[in-house]
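The values are calculated or read from the model by the stated rules, or taken from the named source; none is laboratory data. Values in this document were obtained by computation on a predicted structure and should not be read as measured data. Heads up, the Cβs are rebuilt from the backbone with ideal geometry, glycines too, and the neighbour counts pull from every protein chain shown. Calculation scope for accessible area: heavy atoms of the full protein, side chains included, ligands and nucleic acids excluded. Shrake-Rupley method; radii C 1.70, N 1.55, O 1.52, S 1.80 Å.
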Amino acid sequence: MPSAPSSPSAYTGVEPAGQMPPLEWKVPNLAKFLIANRSVGSPFTINIMLTFSTLADLDADRLAERLTEVQHLWPLLSVEVFDQRTPSPKLRYRHASWPTERVLAFDTYAVNERDPKAERDEVFDKALRLFQTKVSFDQDPLWRVTVFRASYNPESRRVYLALTLDHAIIDGRGALKLAQALLAADISHLPKEDISLYVKVRESQKIDETPSILFVLGTIFREALVPRLPIFAQNWMGYVPAWPQKIPRPTIESPWRSSIVDIPVSVMKALKGVGKRHGVATLNPTLHTAWTVALWAVQILRKDGVDPRRVQFRDCSIKDLRDMAKGDPYCLAGHVAMFLWSSGAIPGDGATTKFWDLARSYSAVSLDPQAHADGFDLMRMLNLVSDGPVDPSKSAARAPASEELPAGDKRAHTLCEAQALDKINSLSPYGGMSGIWSNLAYSALPRGATDMVFGVSGSSTGPAFYTCVVGHEGGVRLQNTYSNGAAVTAEEMRRAEELCLNVLESVAREGEEDRDWSLAELLGPAPI
């Protein structure tokens, strides 16, 4: 097996003789906000992790070679960020691939023979945190592949392969396709892309353009003005605030946590059939509804001081629009939109609200092209946010300590960074959004793998929760990240996840009855 250091060294700054000058271009505005968040200590990292029964099931030699091959195919993997702490961060391509030792790392894990799931979950969390050791990614790869071997008897124990990437260059579905390419027996059929494609696609997708003036005014009225109206006016307009409005402590004081729920394959198969009989063609709306109902029960229905009639869940889901026939890259960069879904105020204990009504409502929005267009325009509202340099010595908002991982100076150097610091110090940071749901759907496991989890790191600048989903031959894996102690505590998340599983199992046991469950029936009495 090839060796690689666990901590790649910095770029030497020496260009090979005769090499073309580096190609540089500004990052898209959405990526600029991701970079600003990372610069103040809230990186957004994507992780695809695969489990192998033993070391023999993973062809490590081929993996090392593949790291160079995929960079030749998709050169965006070879870029670095520079001018990171300025209002105009850029990507730089040096017309060369990162050497294997800069991308491939090895680490160990503590064996947990009694609880393999807990072992896997701990490695998944470790992989995300290992990628987040410092604030600045200048002159560093924006991705890493880490092989985790057991701390003793590694030849005969499980092996974990983690592909971790910065969200600035890829999305979740692209990360999954890259992971599959790293482990495929042959990738000669996959497309080769020129570096210029990633600049052109940004222009063709029009992600950096501003929405129409009517959309802008409507959004400002709905998102900024209506929430400030008196309650009687909000009621007259049908406005229901989204959970959470206030949090007990800011996210800067609430370290992020990750948890993973395993949904058995038997439940997954049963849910597909039940859903179709209720007019829900895919599994995604059923999973989303069960998770929403569980969170509603824990955070609204059974929460002291919360009136279910005056609060709702409002989350956004990620919609993949990638289309190679229209010039989109195979897996790098991204072409996504989002769509918003609201539960509405659920009266009482949910006795009059039907589970399948909520699932059909979400399904309809997920298939609505206008909802996708509106979501894309909502993303483009970021283009209206002004930016500029800030003197870090005059940065007013509290910043995480420089020694706190990721290490580095987290004071604001730009207006975008200052806004991020304001958010993590706020007790009302979520702006009418409960969370984000991202489902990669079903994907066959690569040869030799026995399990796969898709997820992201927690972020102090993110939503109250971020839920990532992927299905495969072993069932569904649902990963949640959140700031522990802000909107959600670890105990509340545990109860919501347990309740979500109970709801799914109840719906899956429905059989041929076509039972029209109410929320109250599914949730049962509140625990004493």
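For this structure, a couple of remarks:
- Highlighted here are the strands (runs of 3 or more DSSP E) found entirely within region 74-126 that include at least 3 residues which are over 27 Å from Thr51 (Cα atoms): 80-82, 90-93.
- Scanning region 48-68 for residues that are over 26 Å from Asp121 (Cβ atoms) and open to solvent by 70 Å² or more (accessible area, probe 1.4 Å) yields Asp61, Glu65.
Let's see how each residue does on (1) β-branched (Val, Ile, Thr); (2) in a loop (DSSP other than H, G, I, E, B); (3) without any contact (Cβ under 8 Å) to a residue 40 or more places away in the chain; (4) crowded, with 19+ Cβ neighbours inside 10 Å:
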| site | (1), (2), (3), (4) |
| --- | --- |
| Pro429 | no, yes, no, yes |
| Arg447 | no, yes, no, no |
| Thr450 | yes, no, no, no |
| Val469 | yes, no, no, yes |
| Gln479 | no, no, no, yes |
| Arg494 | no, no, no, no |
| Leu499 | no, no, no, yes |
| Asp514 | no, yes, no, no |
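- Single residue of Ala345, Ala396 found to be assigned to a loop (DSSP other than H, G, I, E, B), loosely packed, with under 14 Cβ neighbours inside 10 Å and at pLDDT below 90: Ala396
- Here the condition is being more than 30 Å from Glu203 (Cβ to Cβ), in contact with an Asp or Glu (Cβ under 9 Å, 6 or more places away or on another chain) and at pLDDT 95 or above; of Met1, Met49, it holds for Met49 alone.
- Residue in region 107-118 that is surrounded by 18 or more Cβ atoms within 10 Å (Cβ to Cβ) and of a type in the set (Val, Ile, Thr) present: no
- For His189: the one exception among (1) open to solvent by less than 30 Å² (accessible area, probe 1.4 Å); (2) within 30 Å of Trp74 (Cα to Cα); (3) not in a helix (DSSP H, G or I): (1)
- Looking only at residues of region 165-201 that are more than 26 Å from the chain's Cα centre (by Cα) and acidic (Asp, Glu), we find that the one that is farthest from His335 (Cα to Cα) is Asp186.
- From the list Arg102, Arg85, Arg94, the lone residue that is touching a residue at least 40 places away in the same chain (Cβ under 8 Å) and either open to solvent by less than 10 Å² (accessible area, probe 1.4 Å) or under 24 Å from the mean Cα position of the chain (by Cα) (or both) is Arg85.
- Number of positions in region 127-138 that are outside any loop (DSSP other than H, G, I, E, B), closer than 22 Å to Leu478 by Cβ and either open to solvent by less than 60 Å² (accessible area, probe 1.4 Å) or among the small types (Gly, Ala, Ser) (or both): 2
- Glu119 being free of Cβ contacts under 8 Å to residues at least 40 places away in the same chain and within 25 Å of the chain's Cα centre (by Cα): yes
- Residue within region 155-166 that is of a type in the set (Ser, Thr, Tyr), open to solvent by less than 30 Å² (accessible area, probe 1.4 Å) and closer than 27 Å to Asn29 by Cα present: yes
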